[in-house]
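Step one of this worksheet: look at the structure below.
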Amino acid sequence: MNETPTRAYAEIDLAAVRSNVRALRERAPRAELMAVVKSNGYGHGALPCARAALEAGATWLGTATPEEALALRAGGIEARILCWLWTPGGPWREAVEADLDVAVSGMWALEEVREAARAAGRPARIQLKADTGLGRNGCQPADWAELVGAAVAAQAEGTVEVTGVWSHFACADEPGHPSIALQLAAFRDMLAYAEKEGVEPEVRHIANSPATLTLPESHFDLVRCGIAVYGVSPAPELGTPAQLGLRPAMSLKASVALVKSVPAGHGVSYGHHYVTDRETRLALIPTGYADGIPRHASGSGPVLVGGEVRRVAGRVAMDQFVVDIGDADVAAGDPAILFGPGDLGEPTAEDWAQAAHTIAYEIVTRIGGRVPRVYRNG
């Protein structure tokens, strides 16, 4: 967009994205870096952030769904893209024809991608995903021999090319958690078996953002960075963004829609969970849970208004919430900053996460589609 919206907008600093990618590459200097841009780039905008990450040295992009990956191709992205969340009947042929790398976690997926490769008349690039202990997607160790054997046979017949073997940590954001060493050992074992059976992966990878920052022994050939690309700390226990060498890329801003004086004893918003204890002034912020403002942060969500951080007064509604500004010099049209890097004393995404009893990943990712994204430093 060329003009700044008046109601609310998310300002995305693409220079911060580039800086974060460079900082993460320094943490894993011997590995390639995949910038994960699933869920619309964690709410920041997949295509602009993908371009910024590639400019800064990322060599791979990652998405959850094939539709997300195909949208990147449609947007002109030519870099390698891995997509991993498949369901039966998915757009396998389109993925093969778009030169995507696709994750295979079970026999049904291998069979469907082989059929798609035959229809497309070209081999499919696949990466075998091992479940080393997360318990979500991925192939269990007990089924690994069957999947590896079938993949090697499919490669011999020319329907697939096995480009990678990978897995995902469950607790890398909890330093010292016993599952980390167990998963790493399981990954090495499953990888060694695949290589013994004839798989020659181009990339081997298990490190996510927290592992990239704290577990150099997990870096292998490629690190997959998601939330850290956008300058959000993967966990408070690991440090603040600044302590990790990162800078938050998103600032959520709004314009005050109304300021009015109310008497003592006046209820505010649905349910009157906030009642004024004095004559005061209320400022209306025109964003609500339809925009991604968590209703769980009712009464606690922080906002910088009139040079001071104030808390949501009463419930967050669908389109708006209220802050009690006392006698502060605030008028309709003045800026309200819900979160940002903290340069101006504004709250951060982590502050909102704590207020809503969730994680900062959710705060930035949930900002809805009716909130325009305004890109800076493109």
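Which one is nearest to G149 (Cα to Cα), of the residues in segment 195-213 that are of a type in the set (G, A, S) and buried (at least 23 other Cβ atoms within 10 Å of the Cβ)? Filtering segment 195-213 for residues that are of a type in the set (G, A, S) and buried (at least 23 other Cβ atoms within 10 Å of the Cβ), the one nearest to G149 (Cα to Cα) comes out as A207. The residue list R22, R73, R51, R27 contains one member that is modelled with pLDDT of 95 or more and within 18 Å of P210 (Cβ to Cβ), which is R27.
Among residues of segment 134-149 that are surrounded by 14 or more Cβ atoms within 10 Å (Cβ to Cβ), those with a beta-carbon under 6 Å from a residue that is part of a helix (DSSP H, G or I) and modelled with pLDDT of 95 or more at least six positions away or on a different chain give the pairs C139/L147; W144/M190; V148/A194. Picking from residues in segment 214-241 that are of a type in the set (V, I, T) and more than 16 Å from L61 (Cβ to Cβ), the one that is least open to solvent (accessible area, probe 1.4 Å) is V232. Of the residues examined, L244 is one that is open to solvent by 10 Å² or more (accessible area, probe 1.4 Å), under 30 Å from V305 (Cα atoms), in contact with a Pro (Cβ under 9 Å, 6 or more places away or on another chain) and of a type in the set (A, V, I, L, M). Got at least one residue in segment 71-78 being outside any helix (DSSP H, G or I) and either under 27 Å from G138 (Cβ atoms) or acidic (D, E) (or both)? So far as segment 71-78 goes, yes, one or more of its residues are outside any helix (DSSP H, G or I) and either under 27 Å from G138 (Cβ atoms) or acidic (D, E) (or both). State which residue is farthest from R204 (Cα to Cα) when the search covers only segment 119-133 and only residues that are open to solvent by less than 50 Å² (accessible area, probe 1.4 Å) and among the hydrophobic types (A, V, I, L, M, F, W, C). For segment 119-133, the residue satisfying everything is A120.
Of everything in segment 166-183 that is open to solvent by less than 20 Å² (accessible area, probe 1.4 Å) and touching a residue at least 40 places away in the same chain (Cβ under 8 Å), the residue that is farthest from the chain's Cα centre (by Cα) is Q183.
Out of everything in segment 63-109 that is of a type in the set (A, V, I, L, M, F, W, C), closer than 20 Å to A150 by Cα and in contact (Cβ under 8 Å) with a residue 40 or more places away in the chain, what residue ends up being surrounded by the fewest Cβ atoms within 10 Å (Cβ to Cβ)? Out of the qualifying residues, it is M107. Residues that are among the β-branched types (V, I, T) and part of a loop (DSSP other than H, G, I, E, B) were ranked within segment 1-56; the one that is least open to solvent (accessible area, probe 1.4 Å) is V37.
The values are calculated or read from the model by the stated rules, or taken from the named source; none is laboratory data. Keep in mind that what you see is a predicted model, and the values were worked out from it rather than measured. Note that each Cβ is placed from the backbone with ideal geometry, even for glycine, and that neighbours are counted across all protein chains shown. Remember, those area values only see protein heavy atoms, side chains included, never the ligands or the DNA or RNA. Shrake-Rupley method; radii C 1.70, N 1.55, O 1.52, S 1.80 Å.
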